[in-house]
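Structure record follows, encoded as structure tokens.
Nothing in this text is a laboratory measurement; each read-out follows from the coordinates by a stated rule. The structure displayed is predicted, hence computed values, not measured ones. In this analysis, Cβ positions are derived from the backbone assuming ideal geometry, glycine residues included, and neighbour counts consider all displayed protein chains.
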Amino acid sequence: MRREKKTVKLLFRSNKFCGEIWTEYVTSRSVSETNLTGNRNKKSSLVPDLLFVTSFIQKFFRDRRVTHTWTVVRDVMDFCIESGFIDVDRNDPKQLQAALRSVQRFLKRKGYRRGKKKGMMCYKLRAENIRKRDLYTVRMVSLNEEKQRRIVYMDESYIHKNYARHDDSLYDPNDEQDVQVKAQHKGSRYCFIAAIVDADYTIPEEFREEDQHAHLMLDTLDVFVGGKRTKDYHGMFDTKYFQEWMGKLFDALGARGISNAVIVMENARYHFSLPESTPKGNWKKAQMQKACAERGIPYNANDLKCVLWEKLWEYNRLNVLPVVKTMELERGHEVVYSPPHHSDLQPIELVWANVKGDVGRQHTTNTTFAQVLDRLNNSFTNLQSKTVQGCINKANFHLRKLYEHIQALEDVEESENEEIAGENDVSDESDANDE
């Protein structure tokens, strides 16, 4: 009896349960197995583990990334139901709950992870960045619909000596084509800057000459060895260098007979550099007073530096243009800045990924720094017009999707405002009747 109690205690089971098992064994000299209840058994998935289903779900995530929309498991479940991957009765809470758990397990197996930004459960752009995004989207969609002006996209990038295939990821890092394989020792790097230009749509495609198709402007390409001043490759470029390069870009446009072009660039600090003569906050008080006098800004002799700088700063904001803006006006072009955190709207980013991927696929443990340069130049030289055009078309597709998203949000906001206004009108009438 003491031995039986000890067995029950070790198995963490009741006397009745152990008695039944022992009786079954004595009777049949065998013990039957049964599945344990709870979450200990492997669950069958309602989501088919097929390649095309995985591809569709990855594309779903990518499309939502275009608008930086936060995606939760319920969104994926709804997508699977609408796509016919899951057969669920939406009116049955138990079936919906089972489908939700199945999608959670599926996403976990595919490498997706949940995350949140501190202080909020979804990703949200700052109001200023949303404003820049919306203005850029509306402007670029209008230009693409008009098709009267050539659009130029410029950007800077870099490549390390030990750059391997797919070192950069533009989308979901769980995608096989976007897997990041980073070298442990990156080595020295080459920095480069160039521009691509969209096709001339005022001329029918069959009559376009070579420069009238979309292409990389090789005469704007500049490759140099990047130093170690900063981890960010943007630190390899400075105001003086960029202004000289912009002069080269304007000359290249002139050589092609391109006027009134739209030049798209990102928000690097040196893209906004002001003229050297622009008053600065670290000037001495006498310099600030002289600057105020030269610009006709009223001031008192006993004004502190902070007061003088406030006046000069306001003057700079309203009257002083970045050097690039001044250059564009002199050359008859227009500079447009792409919004922060939206590299998928910049087709030249895709061109860089294409070129660097070509170099990275040739990487071996014996690759030298000189070989990287040769392969990089060859990749630039052999870049085909159809590849550049494809990158532009893809970015424009994302741009159009984002524009539709902005329109939809605006319609929702207008509808909500009308409902609120209607409720206020009803409330006012009720108050009047009460009175």
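Converting phi to 3J(HN,Hα) with the Karplus coefficients 6.51, -1.76 and 1.60 and the offset θ = phi - 60°, the stretch 283-294 yields 5, 6, 4, 4, 5, 5, 4, 4, 5, 5, 5, 5 Hz in sequence order, with x at every glycine or proline. Using the Cβ of GLN212 as centre and a radius below 15 Å, the other residues enclosed give a net charge of -1, where K and R count +1 and D and E count -1. Computed over all pairs of different Cα atoms, the Kirkwood value for the hydrodynamic radius of the stretch 191-312 is 18.3 Å. Of the trypsin sites (Lys or Arg not before Pro) found in the stretch 248-287, the ones in coil according to DSSP and having at most 11 other Cβ atoms within 10 Å of their Cβ are LYS284. Give me the percent of Cα-Cα pairs in the stretch 308-399 that sit more than 23 Å apart, rounded to a whole number. For the stretch 308-399, the share of Cα pairs beyond 23 Å comes to 55 percent.
Pairs from the list LYS110/LYS401; LYS285/LYS311; LYS132/LYS285 with a Cα-Cα gap above 24 Å: LYS110/LYS401; LYS132/LYS285.
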